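Q: Structure provided below as structure tokens; questions to follow.
The values are calculated or read from the model by the stated rules, or taken from the named source; none is laboratory data. As the structure is a computational prediction, the values presented were derived from the model and not from experiment. Backbone-built Cβ (ideal geometry, glycine too); neighbour counts: all protein chains shown.
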2 protein chains.
Amino acid sequence: MPTGKRKEVAGHTISIDLGGTKMLAAVVDGQDQIVGRAKMKTMARQGVDEVIQRLAETAQQAADKARVKWDQVAGVGIGAPGPVDPEAGVVYNPPNLPGWKKVSLGPRLADLLGVPVYVENDVNLGTLGEYRMGAGRGTRDMVGIFVGTGVGGGLILDGKLRTGFRHAAGELGHMVVLADGPVCGCGRRGCLEALASRTAVERDIRLGLQAGRESLIPELSKGRSLRLTSSVIAKAFHKGDPLVADVIRRAQWYLGLLTASVVNLLDPEMVVFGGGVVEALDDAFLDPIRVTARQHYIQKMDAGRVRIVPGKLGDYAAVFGAAALVRDRAAGIPPARD
Amino acid sequence: MPTGKRKEVAGHTISIDLGGTKMLAAVVDGQDQIVGRAKMKTMARQGVDEVIQRLAETAQQAADKARVKWDQVAGVGIGAPGPVDPEAGVVYNPPNLPGWKKVSLGPRLADLLGVPVYVENDVNLGTLGEYRMGAGRGTRDMVGIFVGTGVGGGLILDGKLRTGFRHAAGELGHMVVLADGPVCGCGRRGCLEALASRTAVERDIRLGLQAGRESLIPELSKGRSLRLTSSVIAKAFHKGDPLVADVIRRAQWYLGLLTASVVNLLDPEMVVFGGGVVEALDDAFLDPIRVTARQHYIQKMDAGRVRIVPGKLGDYAAVFGAAALVRDRAAGIPPARD
């Protein structure tokens, strides 16, 4: 048992983001500060055992950087893409880790590290982070919408993360907004992701350029092959690029319709938007979404009380979400089943 | 306190459906049997006081028919359209009762009847009924989709009715499925209701007839002005009417897409379909919806475990939902806030 100067025992948590190419670990202390970090390549091709070994090493490196010993760590929270079983700590078939099928990631890593390891979907952790330490603090209901190369989402309902009957909830990027619309990365048509993700925005900008539309994009890319990062898109948008403005406006329209659909279905207290384009454009991005959404609420009563806001944690949402997850579980709060 | 033969005390509940033109009351006993009914005109034009008086009379008549005394009644559950505050028993602005604004229906009727009165949205009660006594028994998560002149919905998440932050949840008829699509009764475009309600089906059949499409509808209507009831539509569909088949197929497509969107967002255990057309066509109606929905699930894992089924209670779903509501509240279970 801890005595004397070891008073911080178990006040730290370690968050790991398990990506297809790299894994990132961060130590969060009891005051919500990141006090150590580490990064390694995932090396997914070398197989499950090797990846789990590398996760243990990355966690160890982060702990070393933070000068934190394992008896000061309450647990490790891992965010993985795709559905996970948070009770069993099982990762099903993460889209970015081919060959992983029903891997008992939580128990196996816990064996290596000697502390509890909890597993959750990465976007769910981002949502939980914004809810507990970010934009959603103080609400009981919050929908997270993260616009990146895809569109991910998460739901906090009645104060709890909803993971769903099959642990597959929150996939609002694959809600159909325009039936028979453009083909999505998932192979179907008209999903929000095919209309409003950065991938969709890039596709439409490129199509516009190919069609000879006037744009600042070639100049901003300085002759190199077109690099349509969020910041290049944001720069062109702010300079009044007519093509980019058109394309962004269209994405905002669909995001507004989707937001209204989600509000009409769930009637949440808050919708938090995150992701590269959102962060780069901030209110210039959210304002038209707010207008379209509100126009499409079926219930006008108290419409202004439903807040649509940017996230506050940026890239760190999932890090803090994992910290919140570990703290809850260490305190005996069971994972949300649904 | 009850003694001897008065053992049934408080085993009964009274359900009232408050419609714009009529009000229906039903007494449900402790064995889920309807043992008495009554019906009166709403007479909404005569004002709030008169309507509340008539609600009391209708409840009294139903109790008389059932030979039930008020000390045998645990409470009254009222279903009203539009948002309600179930904690305060307040009805906001029901679309079919013009002039009603923030009416304290529950407390006022409770004063008249001398028993507790609980108020809930009528579609939420239908969902609760199917969940507790119908198709959804034994699940923890259930989405109700009711296809009628409009499309209504309700959500049971984690065993509780979700009413929403503004008590406006479940409006899946106004989720946008086809951006910039046909105009909806709500004034916006592309809502599910504008694509798949009986109103939308009727509209498209009439347009087809006007355009000279071949159809059995004129014959089935026997020369009278076209009566496109659910049973006429079902009859034409079963006889292979090409126009009706086209129109129904389209409605099913949109209902399938919407079902997939809701499953992708919420990942529920079951989706229950109710309403006139669904009941008239049953599996012939649901099978194509099942196929389309499943094609559009982003998470294929365990897709077959998400059941899409017809309701079991038909027109009585809300009656039983009101009974369940009264029993819960009488047992001290608070209303779902969100």
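Q: Filter the range A:166-195 down to the residues that are facing chain B (nearest Cβ under 7 Å) and surrounded by fewer than 24 Cβ atoms within 10 Å (Cβ to Cβ) and list them by number.
A: Listed by number, the residues that qualify are A:ARG166, A:LEU178, A:ALA179, A:CYS186, A:ARG188.
Q: Return the residues of the range B:300-327 that are part of a loop (DSSP other than H, G, I, E, B), farther than 30 Å from A:PRO94 by Cβ and of a type in the set (A, V, I, L, M, F, W, C); say none if nothing qualifies. If you could, list the steps in order and put the result at the bottom.
A: Within the range B:300-327, the first condition is being part of a loop (DSSP other than H, G, I, E, B), and the residues that meet it are B:300-302, B:306, B:311-313.
From the residues that got through so far, the ones that are farther than 30 Å from A:PRO94 by Cβ too are B:311-313.
B:LEU313 - this is the single residue of the range B:300-327 that is part of a loop (DSSP other than H, G, I, E, B), farther than 30 Å from A:PRO94 by Cβ and of a type in the set (A, V, I, L, M, F, W, C).
Q: Next question, about the same structure. Quick one: which of B:PRO288, B:PRO268, B:PRO334 is part of a loop (DSSP other than H, G, I, E, B) and either within 30 Å of B:VAL232 (Cα to Cα) or within 20 Å of the chain's Cα centre (by Cα) (or both)? Spell out how you get there, then give the answer.
A: Details: B:PRO288 fails: part of a loop (DSSP other than H, G, I, E, B); B:PRO334 fails: either within 30 Å of B:VAL232 (Cα to Cα) or within 20 Å of the chain's Cα centre (by Cα) (or both).
Sole residue among the options that is part of a loop (DSSP other than H, G, I, E, B) and either within 30 Å of B:VAL232 (Cα to Cα) or within 20 Å of the chain's Cα centre (by Cα) (or both): B:PRO268.
Q: Residue check: is B:ARG250 on the phi < 0 side of the Ramachandran plot, in contact with a strand residue (DSSP E or B) (Cβ under 8 Å, 6 or more places away or on another chain) and not assigned by TED's automatic domain parsing to the domain that holds B:VAL123? Lay out the reasoning, then the answer.
A: Details: on the phi < 0 side of the Ramachandran plot: yes; in contact with a strand residue (DSSP E or B) (Cβ under 8 Å, 6 or more places away or on another chain): no; not assigned by TED's automatic domain parsing to the domain that holds B:VAL123: yes.
When the stated conditions are applied, B:ARG250 does not pass them.
Q: Can you spot a residue in the range A:222-233 that is out of contact with any His (no Cβ under 8 Å at 6 or more places or on another chain), of a type in the set (Gly, Ala, Ser), crowded, with 16+ Cβ neighbours inside 10 Å and in contact (Cβ under 8 Å) with a residue 24 or more places away in the chain? I'd like the intermediate steps shown before the answer.
A: In the first step, residues of the range A:222-233 are kept if they are out of contact with any His (no Cβ under 8 Å at 6 or more places or on another chain); the result is A:222-233.
If we keep only those that are of a type in the set (Gly, Ala, Ser) too, we end up with A:223, A:225, A:230-231.
Subsequent filtering for residues that are crowded, with 16+ Cβ neighbours inside 10 Å retains A:230.
Restricting the remaining residues to those that are in contact (Cβ under 8 Å) with a residue 24 or more places away in the chain gives A:230.
Yes, there is a match, as at least one residue in the range A:222-233 is out of contact with any His (no Cβ under 8 Å at 6 or more places or on another chain), of a type in the set (Gly, Ala, Ser), crowded, with 16+ Cβ neighbours inside 10 Å and in contact (Cβ under 8 Å) with a residue 24 or more places away in the chain.
Q: Are any residues in the range B:114-169 modelled with pLDDT of 95 or more and among the polar types (S, T, N, Q), and if so, which ones?
A: Answer for the range B:114-169, where residues must be modelled with pLDDT of 95 or more and among the polar types (S, T, N, Q): B:ASN121, B:ASN124, B:THR127, B:THR139.
Q: I'd like to know if the range B:110-125 contains one or more residues that are within 14 Å of chain A (Cβ to nearest Cβ) and over 14 Å from the mean Cα position of the chain (by Cα). Lay out the reasoning, then the answer.
A: So in the range B:110-125, the residues within 14 Å of chain A (Cβ to nearest Cβ) come out as B:121, B:123-124.
When the remaining residues are screened for being over 14 Å from the mean Cα position of the chain (by Cα), the result is none.
No, every residue in the range B:110-125 fails to be within 14 Å of chain A (Cβ to nearest Cβ) and over 14 Å from the mean Cα position of the chain (by Cα).
Q: All but one of (1) modelled with pLDDT under 95; (2) surrounded by fewer than 23 Cβ atoms within 10 Å (Cβ to Cβ) hold for B:ARG327; which doesn't?
A: Condition not satisfied by B:ARG327: (1).
Q: When the residues of the range B:143-165 are filtered to those that are among the hydrophobic types (A, V, I, L, M, F, W, C) and closer than 28 Å to B:ILE233 by Cα, which remaining residue is farthest from the other protein chains (Cβ to nearest Cβ)? Spell out how you get there, then give the answer.
A: Taking the range B:143-165 as the starting set, the residues that turn out to be among the hydrophobic types (A, V, I, L, M, F, W, C) are B:143, B:145-147, B:151, B:155-157, B:161, B:165.
Filter once more, so that each one left must be closer than 28 Å to B:ILE233 by Cα: B:143, B:145-147, B:151.
Values: B:VAL143: 9, B:ILE145: 11, B:PHE146: 14, B:VAL147: 16, B:VAL151: 11 Å.
My answer is B:VAL147.
Q: Give, as residue ranges, the helices (runs of 4 or more DSSP H) completely inside the range B:166-247 that count at least 3 residues that are touching a strand residue (DSSP E or B) at 6+ places or on another chain (Cβ under 8 Å). Lay out the reasoning, then the answer.
A: Details: elements: B:193-196, B:198-210, B:217-220, B:230-238.
Ranges flagged: B:193-196.
Q: Here's a follow-up. I need a count of the residues in the range B:268-283 that are at pLDDT below 95 and out of contact with any Phe, Trp or Tyr (no Cβ under 7 Å at 6 or more places or on another chain). Let's see the steps before the verdict.
A: Within the range B:268-283, the subset at pLDDT below 95 is B:275-283.
Right, trim to out of contact with any Phe, Trp or Tyr (no Cβ under 7 Å at 6 or more places or on another chain) and you get B:276, B:279-280, B:282-283.
Adding up the residues that qualify gives 5.
Q: Report, by residue number, each residue of the range A:25-50 that is free of Cβ contacts under 8 Å to residues at least 40 places away in the same chain and among the hydrophobic types (A, V, I, L, M, F, W, C). Give the derivation first.
A: First, the residues of the range A:25-50 that are free of Cβ contacts under 8 Å to residues at least 40 places away in the same chain: A:25, A:29-31, A:33, A:35-41, A:43, A:45-46, A:49-50.
Those that are free of Cβ contacts under 8 Å to residues at least 40 places away in the same chain and among the hydrophobic types (A, V, I, L, M, F, W, C): A:ALA25, A:VAL35, A:ALA38, A:MET40, A:MET43.
Q: If you don't mind, there's one more thing I want to ask. Say whether the condition of being crowded, with 23+ Cβ neighbours inside 10 Å, free of Cβ contacts under 8 Å to residues at least 24 places away in the same chain and either within 14 Å of chain A (Cβ to nearest Cβ) or among the small types (Gly, Ala, Ser) (or both) is met by at least one residue in the range B:277-300.
A: No: zero hits.
Q: Tell me, yes or no, whether the range B:77-92 has at least one residue that is part of a helix (DSSP H, G or I) and either on the phi > 0 side of the Ramachandran plot or free of Cβ contacts under 8 Å to residues at least 24 places away in the same chain (or both). Walk me through it before giving the result.
A: Taking the range B:77-92 as the starting set, the residues that turn out to be part of a helix (DSSP H, G or I) are none.
No, that holds for no residue.
Q: Assess whether A:SER215 counts as being more than 27 Å from the chain's Cα centre (by Cα), surrounded by fewer than 16 Cβ atoms within 10 Å (Cβ to Cβ) and away from every other protein chain (no Cβ under 14 Å).
A: No; evaluated as a whole, the condition is false for this residue.
Q: Same structure again: When you look at A:ARG45, is it outside any helix (DSSP H, G or I), basic (Lys, Arg) and assigned by TED's automatic domain parsing to the domain that holds A:GLY11, yes or no?
A: Numbers: outside any helix (DSSP H, G or I): no; basic (Lys, Arg): yes; assigned by TED's automatic domain parsing to the domain that holds A:GLY11: yes.
Here the answer is no, as A:ARG45 does not meet what is asked.
Okay, residues lined up against (1) modelled with pLDDT under 95; (2) of a type in the set (Lys, Arg); (3) buried (at least 20 other Cβ atoms within 10 Å of the Cβ); (4) closer than 15 Å to B:GLY106 by Cα:
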{"residue": "B:GLN33", "(1), (2), (3), (4)": "no, no, no, no"}
{"residue": "B:MET40", "(1), (2), (3), (4)": "no, no, no, no"}
{"residue": "B:GLN53", "(1), (2), (3), (4)": "no, no, no, yes"}
{"residue": "B:GLN60", "(1), (2), (3), (4)": "no, no, no, no"}
{"residue": "B:ARG67", "(1), (2), (3), (4)": "no, yes, no, no"}
{"residue": "B:TRP70", "(1), (2), (3), (4)": "no, no, no, no"}
{"residue": "B:ALA74", "(1), (2), (3), (4)": "no, no, yes, yes"}
{"residue": "B:ILE78", "(1), (2), (3), (4)": "no, no, yes, yes"}
{"residue": "B:GLU87", "(1), (2), (3), (4)": "yes, no, no, yes"}
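Q: Of all residues in the range A:239-271 being aliphatic (A, V, I, L, M) and more than 14 Å from chain B (Cβ to nearest Cβ), which is farthest from A:VAL147 (Cα to Cα)?
A: Filtering the range A:239-271 for residues aliphatic (A, V, I, L, M) gives A:243-245, A:247-248, A:251, A:255, A:257-258, A:260, A:262-263, A:265-266, A:270-271.
Remaining after also requiring more than 14 Å from chain B (Cβ to nearest Cβ): A:243-245, A:247-248.
Details: A:LEU243: 20, A:VAL244: 17, A:ALA245: 17, A:VAL247: 15, A:ILE248: 12 Å.
Checking each candidate, the answer is A:LEU243.
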